[in-house]
1. So if I average 1/r over every pair of distinct C-alpha atoms in segment 124-256 and take the inverse, what Kirkwood radius in Å does that give?
2. Which angle from 0 to 90°, rounded to the nearest 10, does the C-alpha axis of helix 140-161 make with the longest principal axis of the chain?
3. With no solvent and one point on each alpha carbon, what is the Debye value of log10 I(q)/I(0) for segment 269-411 at q = 0.16, 0.19 Å⁻¹?
4. Tell me the per residue accessible area of the chain using a 1.4 Å probe; a whole number in Å² is fine.
5. Going by alpha carbons, how many degrees (0 to 90, nearest 10) lie between the helix axis of 300-316 and the longest principal axis of the chain?
6. Give me a comma-separated list of calculated 3J(HN,Hα) values for segment 74-84, in order, Karplus coefficients 6.51, -1.76, 1.60 applied at θ = phi - 60°, integers in Hz, x for any Gly or Pro.
7. Let me have the relative contact order for the chain, percent, based on Cα pairs under 8 Å that are six or more residues apart.
8. What are the ³J(HN,Hα) values, in whole Hz, obtained from phi via the Karplus relation 6.51 cos²θ - 1.76 cosθ + 1.60 with θ = phi - 60°, for each residue of segment 666-681 in sequence order, with x given for Gly and Pro?
Amino acid sequence: MHLKVGIAIHQKKPQRRRVVVVVSVVKTKKKKKINMASVSSDEWRAICDKFTNAQNLTVVESLNDPDNDPFRSKYKARELLREIYCSLKSFEAGEGEEESGGETGESGESGESGEQLPVEAPVDGQTEEAFSQGFCGDSPAGLRAAKLGAVEYYLGVNHVDTEELSAGQEHLMNSMKLLGRCRVSSENVSLFIHARNQLGILWAGRDETETAQGFLETAESIYQRYMKEDGSPPTDMADYFSTEENQLTHQERTKRFELAYTHTMYYLAQVYKNLGETERAAIYCHSTLQRQLKLNQFSPMEWALNAATLSQYYITKGRYMEGRHCLSAATVISGLAGEVPSEAAAQESETESERREQLRQKRAEIARCWIKYCLNILQDSKKLLEDSIGELDTDRQEEMKRGRRLEEEEEEKERKSAMLFGSEDTFDSIASLEEKVRCLLPMDFTEARAIFLVGQHYVTQAKDYFQMDGYVTDHIEILQDHSSLFRSLAFYEEDLDRRCKMHKRRVDMMEPVCMELNSKYYLMIRRQMMFELAETYNEMMDLKLTLANRQDETESLDSHTIKKFNNLCSASAKYFQMFLDSLCSPEGKQPEHLEEEVLRPALVARFRVARLYSRLICTSPPGQVENLDKSLEHYKYVVDYCDSHPEAVATVETELELSREMVGLLPLKINRIKAKIHANN
């Protein structure tokens, strides 16, 4: 399951680019500075009204555009932005400023010193110049450049929204050129960051991930340095075109600025993920989610699903405390989306029907993440506690229990240093949910069962949405996880009879589904289930035999036990054979070459079938010979295939060694039985 984002970033890794744009400035006489205060209040109000209308068209009216003219409102907004740009340029001309470029965005104003100013698209994260050279942000020239740069920014976003990416890039770079001649200050820092964010998104959409990385990392550096050196609530871009009475408050400016930086972190998380820097991506993703909660700027279900997805990274790294916290927060925050509409309401309203579907699906996906949490923590514990034959190592178990107290103390320390989610309204709810499931590895059956029950609860919840009718693949994956939960719990069970019953539950839930599946459409899934059923029956067979031997060590097995043992043995062989048959051609011919994805399973299945036939208990000598002949046939297949395909040897080294041994021993055993039959006749 992957983090869902609003931009498309893929795996392609292009050569890193360094984009340098030089604004050529002709040395001229020092020009008169623009004094925007000389613009009449009516003229300025008209510009502000146009900007407000353009924003309304972009954000509100565009949602109602018809399918046959999807960008109608945004085209209208573009015209208003162009008019604003022309008005700003005309004010310059009216003040005696010479135009150096005739087209929108070709600003050729010189620096105050008349020097040529290099403007670099910050692919390599260089920000020093932005803080040290150029106009002051609050100077007339600086404010003029910022306002023109803001219009270029909005034009760039407009073109990107209407799928005109090259034009969008041009306008955004024009905004960068204008800003490149100003020092970063509270008057323009927000625009500095927004422009780089948008260029990062633009390049990411082109699969130029490293170029996107450069713009976004520069935006991050600008934010961090500004907060360190100034930190005052910066001017928002909307303030450039607002009358005095409509200016944002300091609190609103701060919130918008922090949200822009949150977007920077959000996009960087995706960039690092696609560059393979998963640890760094997780850190940025976690911080983004935390900031969204703090700023109260999030969609509950989207936030919850992203937090649940992040948990999957943590659990694969064995960081169960962080994984549990993400999942607990996801469950609590998803509750803020409200109750799932009733079926009756959903039938009456299309909106309610769509909302019902989305809420049920996303909560079911969060439930699946909980299942993976429970399954992984049980499996990780099993790996630490099992001995060389897969049984519980009691000495190791006691050793780990002795170290538990220290581990619990360390957990509390980690908890204090961890990045916690939540607000005053949700923190207690998240902490309460966390208490219901441990994040330390279980050491015995009681602890394992508590985790198992949590997993089983979420299995029921997930299956309620992902039903067989409509979600075959998802439903079966949940069944397989449920089966694995039972298998993991059985490891801790000392009572062999109860352990066998757990495996029987696995068979009961999978066998009917496996037989129902159509091999034409679900071949790979059916193969997985056949192999798992074969292994489950095999485990039950071993348990039944061990149990019978423990109960009566002095006498031979009774007929009832033999029958049960043989039935389990035959069932295991049947499903292994079904798996092998699924590899054959439609004419039933065995493949001469096994594909890599089925190579080991196929050879292991052959080995297991050979072993099963040799273990069948048969009192009839001819029956014994028949079973051993079949066993020998399958052992020979493993040996012959590996001899003719040397590349297969490494995948089944242990099985191959035992198969060679049995190919040498079985003929002798078969001959002895045949000789006995002949002597008796």
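1. Working: mean 1/r = 0.0670 Å⁻¹.
Computed over segment 124-256, the radius equals 14.9 Å.
2. Between helix and principal axis, roughly 40 degrees.
3. Each listed q maps to, in turn, -0.94, -1.12.
4. On the way: 34080 Å² over 681 residues.
Per residue, the chain has 50 Å² of solvent-accessible surface.
5. So the helix axis and the longest Cα principal axis differ by about 50 degrees.
6. Those phi angles translate into 6, 5, 5, 4, 4, 4, 5, 5, 5, 5, 4 Hz.
7. Numbers: 870 pairs, mean separation 56.4, N = 681.
Relative contact order here is 8 percent.
8. Result, rounded to whole Hz: 4, x, 5, 5, 4, 5, 5, 5, 4, 5, 5, 4, 5, 5, 6, 7.
The values are calculated or read from the model by the stated rules, or taken from the named source; none is laboratory data. Since this is a predicted model, take the numbers as computed values, not measurements. Neighbour counts run over all protein chains shown; Cβ positions are idealised from the backbone, glycine included. Each accessible area value is taken on the protein alone, full model and side chains, heavy atoms only, with ligands, DNA and RNA left out. Shrake-Rupley method; radii C 1.70, N 1.55, O 1.52, S 1.80 Å.
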